[in-house]
Amino acid sequence: MKTKIKEYGLLSAGVAICFAVAAVSVGIEELIPGGLLGASIIALFLGTLINSFFHPAWMKPALKFTSKRVLKLAIILLGASLSVRTILSVGKMTFFVMLFTFAMCFGGGFFIRKLFGLNWKLSNLISAGTGICGGSAVAAIAPVIDADDKDIAFAMSSTFLFDMVMIALYPLMGAALGMSDIAYGIWAGTSVNDTASVVASGYAFSEIAGDFATMVKLTRTIAIIPTVLVFAFIGTRAKQKELRASSDGKKVNLIKIIPWFIGGFLLLAIFNSVGWIPTVAAGAIKGTSRFLMVAALAAIGLGTSVTDFKKAGLRPMFYGITIDTLVTLTALCVIFCMGLM
């Protein structure tokens, strides 16, 4: 009993530190003229700075809780300020952008991986992280293709490194290109990897762009379901060939694959669409959602150090950067051709 109380106490203290960093970041954002830096980016880098001299082991459960569960709660609450009609229109607007970026990730990655001498499992983990939803896609696909822990670590590091750079560069590039809030939201939502990074880069440009980028990202995340099923089939066939075993392969648990927070997000969006959430309440919920997102990014920063970037090696890094860059350019070209700029 005492052990549980101690664990909960440490968890609460760790989450409180994440929230404190988020509060400081919001305060710093308000002091910077012109909104040049959003609280999301400030929290991420402030957390990384703190991690260089303060990273106790007892903080790890709290950082994981805040960066995963709190972020998903924030996305669920964001649904209270949106409507189903908006979500459907987002999917319609971004379908072709996603189609071409997925083709670049997996089709282009099939050929590019040979230039870097990567095995098919590692290259596809990185491609999935790039094309769908960062670490979540890597974690979901790894078991069905029997990926090694080393490959998983390299893939996670590769997508994360690109995101760390892009959340700072995307808003600058978007402004330089004169992109509208909607165009930028589509661009960030379809080409930045992880959900947290999409949130950071989106809101760093504008609140409208942040909202739209998050919706686009949620639409894109749904692709994890068919992708995992396809890789389950590929992984099973590869294992059968190597072991010359029976036709029984790994079963795919759809309940574990489907991102549960998307259901909550859509449910609140439905409630808002039918007028069950008052306008004032929707505004308050949205403000809470944004702060929770900043806290989640603070947790990610607090769990990141410079040494994390050194563990992945150079070839996976270069492969990941190449694929990410091509996806970024592909999304930008499709957006331009569709006249959305």
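The values are calculated or read from the model by the stated rules, or taken from the named source; none is laboratory data. Everything numeric in this text was worked out from a predicted model, so none of it was measured. FYI the Cβ positions are ideal-geometry reconstructions off the backbone, even for glycines, and counts take in every protein chain you see.
Remark: pairs (first residue in the stretch 315-341, surrounded by 23 or more Cβ atoms within 10 Å (Cβ to Cβ); second residue aromatic (F, W, Y) and at pLDDT below 85; Cβ separation under 7 Å; 6+ apart in sequence or on different chains) = P316/F154; Y319/F116; G320/F162; D324/F162.
Of the helices (runs of 4 or more DSSP H) contained entirely in the stretch 128-200, those carrying at least 3 residues that are among the acidic types (D, E) fall at 149-176. Of the residues making up the stretch 66-74, not a single one is surrounded by fewer than 22 Cβ atoms within 10 Å (Cβ to Cβ), under 17 Å from the mean Cα position of the chain (by Cα) and more than 24 Å from A269 (Cα to Cα). The single condition among (1) touching an Asp or Glu at 6+ places or on another chain (Cβ under 9 Å); (2) under 17 Å from T304 (Cβ atoms); (3) among the small types (G, A, S) that G14 does not satisfy is (1). When K256, K239 are checked against the criterion of being in a helix (DSSP H, G or I), at pLDDT below 75, surrounded by 14 or more Cβ atoms within 10 Å (Cβ to Cβ) and of a type outside the set (V, I, T), K239 stands alone in meeting it. Would you say G264 is farther than 24 Å from N119 by Cβ and either at pLDDT 85 or above or surrounded by 13 or more Cβ atoms within 10 Å (Cβ to Cβ) (or both)? Against the criterion (farther than 24 Å from N119 by Cβ and either at pLDDT 85 or above or surrounded by 13 or more Cβ atoms within 10 Å (Cβ to Cβ) (or both)), G264 qualifies.
Within the stretch 42-64, being in contact with a Leu (Cβ under 8 Å, 6 or more places away or on another chain), assigned to a helix (DSSP H, G or I) and in contact (Cβ under 8 Å) with a residue 60 or more places away in the chain holds for A43, L44, G47, T48, I50, N51, M59, A62, L63. Residues in the stretch 38-62 that are over 16 Å from the mean Cα position of the chain (by Cα), among the hydrophobic types (A, V, I, L, M, F, W, C) and over 30 Å from F271 (Cβ atoms): I42, F45, L46, L49, I50, F53, F54, A57, W58, M59, A62. Selection of the stretch 144-182 for residues being among the polar types (S, T, N, Q) and buried (at least 23 other Cβ atoms within 10 Å of the Cβ) yields S158, T159.
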